[in-house]
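No lab work stands behind these numbers, since they all come straight from the coordinates. None of the values given here were measured: they were computed from a predicted structure. Glycine also receives a Cβ, built like all others from the backbone with ideal geometry; neighbour counts cover every protein chain displayed.
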Amino acid sequence: MSNSLDSYLILSGLLFAIGIFGFLARRNAISMLMSIELMVNAVNLTILAFGAFVEPLRVHSAVIALLVIAVAAAEATVGLAIVIAIYRNKKTPLVDEYDSMRE
Amino acid sequence: MPIGDSIPLVGIRWDDILFVLFAATLLVSAMMVVTLRDIIRCGLALIVSLASLASIYALLGDPIVAAAQVLVYIGAISVLILFAIMMTQTKNAPTRLVFQTQSWFAAVGAIVVAVLIVATVLATTWTVAGSRLLTATSDVAHLLFKDYVLPFEVVSVLLTASVVGAVYLARRPDRSGEDRP
């Protein structure tokens, strides 16, 4: 089971679907950011799974995964800073209460 | 005394046992991240899921990526998320509604995506090697600092810019009122 590409791809697909559900369903902005982290990690798992089973992609997949981890770190930093800045003005972390542009 | 490739009497390989264990931990803790009511517990479950994902990376034969996952995700991003949770918590937050009012549509959409991905993976015949290939760390270093040196530098500039931007955004505004973010 650990020697077939299918099991890793199915695992990352399920993880991506869980991330989609969390991003669409949660009300808290930080929960949505955590779901985005889950989805980025699912994509990273796909990259590494293909790299581990396809010979020409073997080393390239590790390098690309490292770059993806660094970009995800930058994304999380900016996202959390934006959430904190909005919280300072609105006094709530819930995204459905950010409706001041609707009126 | 070295242990064998598989369990002596039952004949199940150690790799398979570890994969099932880490995959189950990953899926259960990821479900806890998106469903638990207390958001601090969501953050702690996120740490568990990232750790089991690092174990799966090690199982896949990428030790350097597993180490980077532990350092960057568990060491830095989780701590950042926990700090942000603590700064944006209100007293009555856990008693309030956790999900949006239309979260059933989100659940249906996520299930549709999962079914599509699983069906596509099972229906495709991949022309791949039969077993996992180990990635040597020295190969990764050579490739990263030879062919991928431009993306490496771009990522370093991106990280610097994002840290400066985050500090500017999250800073407490000045009392004097000028250059307020």
Original post:
In Å, what is the Rg of the alpha-carbon atoms in the protein assembly as shown, and how long is Dmax?
Top reply: 20.7, 76
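May I ask you to compute the full-extension gain from residue B:111 to residue B:152, defined as 0.36 nm times their residue separation minus their alpha-carbon distance, rounded to one decimal in nm?
Working: separation 41, 0.36 × 41 = 14.76 nm, distance 3.66 nm.
Extra length available between residue B:111 and residue B:152 comes to 11.1 nm.
Across every pair of different alpha-carbon atoms, what Kirkwood hydrodynamic radius in Å does segment B:1-94 reach? Mind showing how you got there, number by number?
Numbers: mean 1/r = 0.0665 Å⁻¹.
In segment B:1-94 this quantity evaluates to 15.0 Å.
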Original post:
Let a ≥ b ≥ c be the square roots of the eigenvalues of the Cα gyration tensor of chain B; is it rounded (a/c under 1.5), or, if not, prolate (a/b larger than b/c) or oblate?
Top reply: oblate
**OP:** Between the alpha-carbon centers of segment B:40-98 and segment A:1-43, tell me the distance in whole angstrom.
**Re:** 13 Å
**OP:** Might you report the magnitude of the Cβ-based charge dipole of chain A about its Cα centre, with Lys and Arg at +1 and Asp and Glu at -1, to the nearest 20 debye?
**Re:** 280 debye
Original post:
Principal axis lengths of segment A:5-97 from Cα atoms, whole Å, largest first?
Top reply: 52, 23, 9
**OP:** Sticking with the crude label model, points 7 Å out along Cα→Cβ, report the distance from residue B:138 to residue B:6 in nm, one decimal please.
**Re:** 3.4 nm
Original post:
Sorted from fewest to most neighbouring beta carbons within 10 Å, what does the list A:60, B:142 look like?
Top reply: B:142, A:60
